[in-house]
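See below for the structure under consideration.
The values are calculated or read from the model by the stated rules, or taken from the named source; none is laboratory data. A quick note: this is a predicted structure, and the numbers were derived from the prediction, not measured. In this analysis, Cβ positions are derived from the backbone assuming ideal geometry, glycine residues included, and neighbour counts consider all displayed protein chains. Only protein heavy atoms, including side chains, enter the accessible area calculation; ligands, DNA and RNA are left aside. Shrake-Rupley method; radii C 1.70, N 1.55, O 1.52, S 1.80 Å.
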Amino acid sequence: MARIAVVDDDPDVLDFMAAVLGQAGHDVVVARDGLSTLALVEQYNIDLMVLDILMPNRDGLETILTLRRDDKAFPILAISAGGMLDGGYLLQTAKAFGAEATLLKPFTAEKLTRQVESLLTPA
């Protein structure tokens, strides 16, 4: 079992991811924006983070940069639908900023679980 931080400003997406990962046996903690995410990381020992890119109060890209600058070494799975922008471009940028993997919204429970398990499995 891993402790996974799930971050998204859309309550439906947040609830979906928390339920899927909780049913897979993980301990899930949640946040709804970038600032809350940074506080969450200080409060819990995180094994992996699923992080939305487009959020209020500090977007996912800025959050990734801050986490990596602060030497937080857990894997990050960046997610996005892109909003008014191209989701693929945002996710490509997230990888350049330090995310280990990406997932374009919308995604299935199976895709989310498979990607998370892949990131948690040592190479």
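Just subtract the alpha-carbon distance of ALA96 and ASP12 from 0.36 nm times their residue separation and send over the number in nm, one decimal.
Between ALA96 and ASP12, full extension yields an extra 27.4 nm.
Remark: spin-label model distance LEU104-LEU65 equals 2.5 nm, labels positioned 7 Å along the Cα→Cβ axis. In the full protein context, the chain carries 51 Å² of accessible surface per residue, based on a 1.4 Å probe and ignoring ligands, DNA and RNA.
Given a Förster distance of 22 angstrom, what is the FRET efficiency for GLU117 paired with ALA19, based on the Cβ-Cβ distance and rounded to 0.05? In this case the efficiency is close to 0.85. Using Cβ point charges alone (K and R +1, D and E -1), the dipole size of the chain about the Cα centre works out to roughly 280 debye.
How many percent of the accessible area of the chain is carbon or sulfur, using a 1.4 Å probe?
Numbers: 3250 of 6240 Å².
With neighbouring chains kept in place, the figure for the chain is 52 percent.
First check a/c for the chain, with a ≥ b ≥ c the square roots of the eigenvalues of its C-alpha gyration tensor; if it is under 1.5, answer rounded, and if not, answer prolate when a/b is larger than b/c or oblate otherwise. All intermediate terms of the calculation are to be shown ahead of the outcome.
Numbers: a/c = 1.27, a/b = 1.10, b/c = 1.15.
The shape class here is rounded.
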